[in-house]
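Read through the structure below, which is laid out as structure tokens, and then see the notes.
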């Protein structure tokens, strides 16, 4: 019954706790770390012989931490990291404003300034909105997605759980200057002035938005690159053209001020280190986990080791464009692919806040999304003649505190 | 009437005992043997096939209970004693499985008792025949008698077993879950135990209780509104299509039938796409410069939009069936009634309120009651239109402002594993809907008159 | 003459109002269906590339893709369709037999426990059914029937008798005198049921078969619960799990699953009215 070693059906994961005891479900899974680790505490996933793993020296500690579980003072690892997932900025090169090299490259580094800081991107988007351009919008994004918006909060000191993401009682989403991040998300919502971005389905709508030239850029994960290419093909690109024209780069930096309109955008470029911060992103580490219900633990481990080996990871990169979690593979791919290099370095520098590896993480998504919907809708309420609830930082802070309380309730009320 | 019944019962109970004693005194040896070992009496009377079948059934029952049945029943009470360690490969108990297997064994025990009882009765029947000097029935005669005299019992066996396993057993299981602490942290391999913790949490009126009350209010509004919309919508449709001046009513009727025939989940998902933030309705609104509306989004302003759309989608899906029903009912009203009313000078409106409406309402009462219960527990509409949302205002706990109780308990028990709380809530839903509808139904004229045997 | 003059304008107003109402009602009912049907012929396949309600360009490509391109085994529609057909047909066959039998017995026989059975089924109908889903899952896991279409057939057919009231209503309305006559002639109950009752109740059998067929045809919760492998899914589960950007595939799949049942409903509308009314009318 559980003979298939690995299945394409990544949606079968959800039921390990219910299916596993009855002998159903795959032996080995490839999934995001939060999903695999959801099952670790209750032992549905086997711990791996960490010290015997070939990949041990190659994978950075932050990626291992994504699969770490603490059992009676001892750290065990329940997943074999394969690749890193985090938000990247997507754009189509031929859609860039014609004048970007003259008007939007203050530091003359060959990178459009509006892709270097969010302050500049805001100005460009505003300019496109007021004066038009090749596209209808500058930057659009699914503003209600916790995964992509979490970075705004993390950059200013917020975190998901305390004690290295292990302590579910310490929810840190309102800590530090998280309110700055919330404020900027609201600013974006007002700037974008588009109700579609206040909906989960925007991530699907985004493919068409980009390919049909309605927006210049968006932030999403590298694994959906093929979706953009498909949509571009439907909009007149040939496969090769689309491949060459679609770009994926690191996300812009955020202003220290926590206000997208406070600084002059040129200053943020020329005095970048002083006025801006590297944007932290929420990320995930996809990897292999072995079901505790497998009849063949040894074979499963051998398979996972094989699939996480250098050659296989390189193959996966060639076929799917993933960013390897292995240093050797990342270095090799990184020679030609900046995206991979940047993403791997961010992981190595712990610039990516990897999703917690405890079960409670399952309770953050829905409340976070509700909060983001509230804040972004609120940005449009004024113009729609409705009451405004998040005009001040104090109100935003209260909203964040309520969010934390909600998550806390969801985790602890019924336990 | 009830008083009478209890008196009767009280009067009867000693006579049952005396009957039993008399039976024990009267019964010849083969009957007594049958009572101990199924089929033995039948064998003695020469009913070989029947006797062997019963004997085989007896062996099967014994084998089942010795090999696992009694252990399962014990497990039903303990809910497990050894915790499984999956990492070290130490096998252990699974509380949920033990609960259901124990329950199954109890059901099987009941079934075995029924077979035993039938077997003794059958032996006694044969003994009486023999006493009167008749020959015991052959297998063929017995089978024929079963197919004839006991036709109802033979015919209902399979349906009853099917319903017992696939409907009653799960429901009893669910009721029992409400009295354990299963869910949350307590899922396999953790062991559960019998407990009232779920009830404490609901009745202590913390977050759970407050949300329950809030959702219950909207749930009642929804059940009433949707049943009313369905009834009047269907009635109006039927009246419209039945108008004398409508030509080609078959063609007109085809449109609602399409809506009726399209599988419900397709309609609901279709409407969800239609009203989504990037969907065509909003695209048209934006294009016409009116600004998009948050129809189904997770914002406070969407509350009544979403509820309204839910009602509309529900009406779209189900009024056609009421329309068809009403069409059938209307054709049952004798035309003479209307003629007589016309001659008496009653206006069409008066004819409608005095003849049509009462007749339709009377005929539809049972359907409306069951629809009311169905609507109270209408899981699909808001699951498909707005599943997976949580409202961020007014302290909804793991629920959204359009969720009905049934959606909420789905969130609790399926999405968040809070099994015992979910079960307790569904038990409360059952009590609410059950008491209401059963009271109405049992007292309705339709039920009383229909219960008389024809 | 004067009377006719007075009536005429009134009739015209009445006609106008009636037909306006009819057109509006028909539009309301037809539009979503037409919308979905047209969406299935969209060339781009993406809901978000439509201009307004309707696709910009049409093609039958989606329908071809539906059966020829299953995207690495993600959407094996042909397989799903056959699964659905198998489950629905078998459930309908078994379920109809059981429901008709139950309805007939409950209508024609007086026996101990009949009233109890009636009340019990009423009670069972009131329970929010899917709370039992966990139990159903474990039962079928225990029986080793997960991922097996037969599990669904057992479940649908096994619980179908709970809805016997409609059938009972129908048999109540059929005069019992034929039965009694046959009984006097020495026919056994089994003969009466197979030789007299069944042939006479064709309308009710058609109606029952249709409803017991339509339910598995469009249910998605139970198959989702019991079928864990994509290739053993039914169409409803597959469509439910279809992502937004496969909207045209969803629409085409919906059209393909809806058309047969819509045709059936149209052909059998007479029986449906009869069946629905039998369930409703209790003199």
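Each value in this text was obtained by applying a stated rule to the coordinates, not by laboratory testing. It should be emphasised that the depicted structure is a prediction, and the values quoted were computed from it without experimental measurement. Virtual Cβ from ideal backbone geometry, glycine too; neighbours counted across all protein chains shown.
Kirkwood hydrodynamic radius computed over the stretch A:288-366 comes to 14.6 Å, based on all pairs of distinct alpha carbons.
Only residues of the stretch B:174-201 count here: report those whose backbone N is under 16 Å from the spot 7 Å along Cα→Cβ of residue B:431, or say none. Those under the cut-off are B:175-180, B:196-201.
Roughly how tilted is helix B:2-26, in degrees to the nearest 10 and between 0 and 90, from the longest Cα axis of chain B? So the inclination is approximately 30 degrees.
Take the alpha-carbon centre of the stretch A:100-126, take the same for the stretch B:20-63, and report the distance between them in whole Å. Here the two parts' Cα centres lie 94 Å apart. DSSP bridge analysis restricted to the protein assembly as shown gives an antiparallel fraction near 85%, rounded to the nearest 5. Put simply, the Cα atoms of the stretch B:201-451 extend 64, 54, 29 Å along their principal axes, the longest span coming first.
The mean of 1/r over all pairs of different alpha-carbon atoms in the stretch A:274-333, once inverted, gives a Kirkwood hydrodynamic radius of 13.9 Å. For the stretch B:24-107, the direction-averaged projected area of the alpha-carbon convex hull comes to 7.6 nm². Contact order, relative form, for the stretch C:76-280: 38 percent (alpha carbon pairs under 8 Å, 6 or more residues apart, mean separation divided by residue count).
Overall form of the stretch C:76-280: prolate. Here a/c, set by the Cα gyration tensor axes a ≥ b ≥ c, is 1.5 or more, and a/b is the larger of a/b and b/c. Taking the inverse of the mean reciprocal distance over all distinct Cα pairs, the Kirkwood hydrodynamic radius of the stretch B:187-232 comes to 13.3 Å. Across chain A, C-alpha contacts under 8 Å between residues 6 or more apart give a mean separation that, scaled by the residue count, equals a relative contact order of 28 percent. Panel order for A:46, A:403, by other beta carbons found within 10 Å of each beta carbon, from fewest to most: A:46, A:403.
Considering helices alone, the calculated mean residue ellipticity of chain A at 222 nm is -12000 deg cm²/dmol, with DSSP H runs of length four and up weighted by -39500 (n - 2.57) and normalised per residue.
Ordering A:71, C:273, A:111 from the fewest to the most neighbouring beta carbons within 10 Å gives A:71, A:111, C:273. Taking label positions 7 Å along the Cα-Cβ direction at both residue C:12 and residue B:118, the computed distance is 7.5 nm, reported to one decimal. Shielding by partners for peptide C:19-31, expressed as the average number of C-beta atoms from other protein chains within 10 Å of each residue's C-beta, is 5.
Here the label points at residue A:170 and residue B:135, each 7 Å from Cα along the C-beta direction, are separated by 9.1 nm in the simple model.
Per the Debye formula with a single identical scatterer at each Cα and no solvent contribution, what log10 I(q)/I(0) holds for the stretch A:345-415 at q = 0.27 Å⁻¹? Here the Debye-derived log intensity ratios amount to -1.13. Its alpha carbons considered, chain A gives a radius of gyration followed by a Dmax of 21.8, 65 Å.
For residue A:126 and residue A:299, the difference between the fully extended length at 0.36 nm per residue and the C-alpha to C-alpha distance is 56.6 nm.
By the helix-only formula, in which each DSSP H run with n ≥ 4 contributes -39500 (n - 2.57) and the sum is divided by residues, chain B has a 222 nm mean residue ellipticity of -23000 deg cm²/dmol. Each listed q (0.16, 0.19, 0.26 Å⁻¹) maps to a log10 I(q)/I(0) for the stretch B:297-356 from the Debye sum over equal C-alpha point scatterers, namely -0.67, -0.77, -0.99. Projected onto their three principal axes, the Cα atoms of the stretch B:367-445 cover extents of 46, 26, 22 Å, largest first. Centre-to-centre separation between the Cα atoms of the stretch A:73-91 and those of the stretch C:94-144: 50 Å. Spatial offset of the stretch A:345-371 relative to the stretch A:162-187 amounts to 11 Å, using the alpha carbon center of each. Be a star and scan the stretch A:222-266 for residues whose amide nitrogen sits under 18 Å from the point 7 Å along the Cα-to-Cβ vector of residue A:103. Backbone N within reach: A:264-266. The label-point distance for residue B:193 and residue C:82, in a model that sets each label 7 Å from Cα toward Cβ, rounds to 5.3 nm. Values of log10 I(q)/I(0) for the stretch C:95-200 across q = 0.10, 0.21 Å⁻¹ run -0.40, -1.12, by the Debye formula with one identical scatterer at each alpha carbon and no solvent. When the alpha carbon gyration tensor of the stretch B:16-195 is reduced to an equivalent ellipsoid, its three semi-axes come out at 42, 17, 15 angstrom, largest first. Between the helical axis of B:249-261 and the longest alpha-carbon principal axis of chain B there is an angle of about 60 degrees. Considering only Cα atoms, the convex hull volume of the stretch A:322-374 works out to 112 Å³ per residue. Provide the FRET efficiency to the nearest 0.05 for the residue B:439-residue A:257 pair, computing r from the beta carbons and using R0 = 56 Å. The calculated FRET efficiency here is 0.25.
Under 1.5 on a/c is rounded, so check that first for the protein assembly as shown, then, if it is not, pick prolate when a/b is larger than b/c and oblate when it is not; a ≥ b ≥ c are the square roots of the alpha carbon gyration tensor eigenvalues. Taking the square roots of the gyration eigenvalues as a ≥ b ≥ c, the protein assembly as shown is oblate. Compared with the dominant principal axis of the Cα atoms in chain A, helix A:393-412 is inclined by about 20°.
What the Cβ-Cβ distance of residue B:144 and residue B:71 gives, at R0 = 45 Å and to the nearest 0.05, is a FRET efficiency of 0.65.
Normalised by 2.2 N^0.38 Å, where N counts its residues, the alpha-carbon radius of gyration of the stretch A:95-134 equals 1.08. Is chain B rounded, prolate or oblate when judged by the Cα gyration tensor, a ≥ b ≥ c being the square roots of its eigenvalues, rounded requiring a/c under 1.5 and prolate requiring a/b larger than b/c? Oblate is the answer for chain B, as a/c is 1.5 or above yet b/c matches or exceeds a/b. If R0 is taken as 35 Å, the Cβ-Cβ distance between residue B:59 and residue C:148 corresponds to a FRET efficiency of 0.75.
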